[in-house]
Amino acid sequence: MNTRVYGALDIGGTKIAGALVDRKGRLVARAQHATPAQGSAEDLMAAVFHVLDGLAAHPAWDGLTRLGIGSAGPVDTAAGTVSPVNIPAWRAFPLVERVRAHPRVPSAIRPVLVGDAVAMAAAEHWAGAARGVDNALCMVVSTGVGGGLILGGRLHAGTTGNAGHIGHI
């Protein structure tokens with residue numbers, strides 16, 4: 001199977017989830033691992049690698065064309081770092097660099113990092129409840145509280161990837 005797929009990682013305080021979706025947004029594969037939120041930076045990275053290993057084991061992985069990372073915030077998209085409030089071991093943690101170092105992530109793939117609620121807003125605008133709308137605020141109420149913005153028909157992530165993230169006001 002060499003169908004083009006998009007990969008997604010969701011880094012949260014309770015779980016780290018991953019998925020592969022096809023170009024129409026249909027779920028192809030998923031993997032999940034509990035977040036060792038009070039663990040060391042390396043314990044957390046091992047959980048991320050566990051999820052990536054699960055996705056990479058699926059035959060569709062060979063068609064991976066993009067990889068997005070949504071993380072509890074705050075995040076710094078320019079630096080590729082995360083500092084989730086609910087994950088103390090990760091302060092300015094170089095998550096994008098570490099994900100790229102996974103042996104099964106193709107060298108041509110440059111992961112895109114945004115806040116988790118910003119990622120959710122992008123997904124809802126692409127294939128969900130905000131499809132076809134010009135302006136939307138999408139909210140996440142989970143381990144934390146976050147938000148993502150669609151303005152003028154486009155995702156508005158802001159300069160750091162945290163725009164609309166109401167949990168950090």
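The values are calculated or read from the model by the stated rules, or taken from the named source; none is laboratory data. Remember, it's a predicted structure, so these values are computed and weren't measured experimentally. Glycine also receives a Cβ, built like all others from the backbone with ideal geometry; neighbour counts cover every protein chain displayed.
Being within 15 Å of ILE16 (Cβ to Cβ) and either touching a residue at least 12 places away in the same chain (Cβ under 8 Å) or surrounded by 13 or more Cβ atoms within 10 Å (Cβ to Cβ) (or both) is a property that GLY39 has. Within segment 5-26, residues that are of a type in the set (Lys, Arg) have Cβ atoms under 6 Å from residues that are buried (at least 20 other Cβ atoms within 10 Å of the Cβ) and assigned to a loop (DSSP other than H, G, I, E, B) in these pairs: LYS15/THR35, counting only partners at least 6 apart in sequence or on another chain. The single condition from (1) part of a loop (DSSP other than H, G, I, E, B); (2) in the same structural domain as ALA34 (by TED's automatic domain parsing); (3) surrounded by fewer than 22 Cβ atoms within 10 Å (Cβ to Cβ) that ALA130 fails is (2).
Quick grid of which residues meet (1) aromatic (Phe, Trp, Tyr); (2) outside the structural domain of SER142 (by TED's automatic domain parsing); (3) more than 13 Å from the chain's Cα centre (by Cα):
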position: HIS50; (1), (2), (3): no, yes, yes
position: LEU67; (1), (2), (3): no, yes, no
position: THR77; (1), (2), (3): no, yes, no
position: PRO84; (1), (2), (3): no, yes, no
position: ILE87; (1), (2), (3): no, yes, yes
position: TRP90; (1), (2), (3): yes, yes, yes
position: PRO103; (1), (2), (3): no, yes, yes
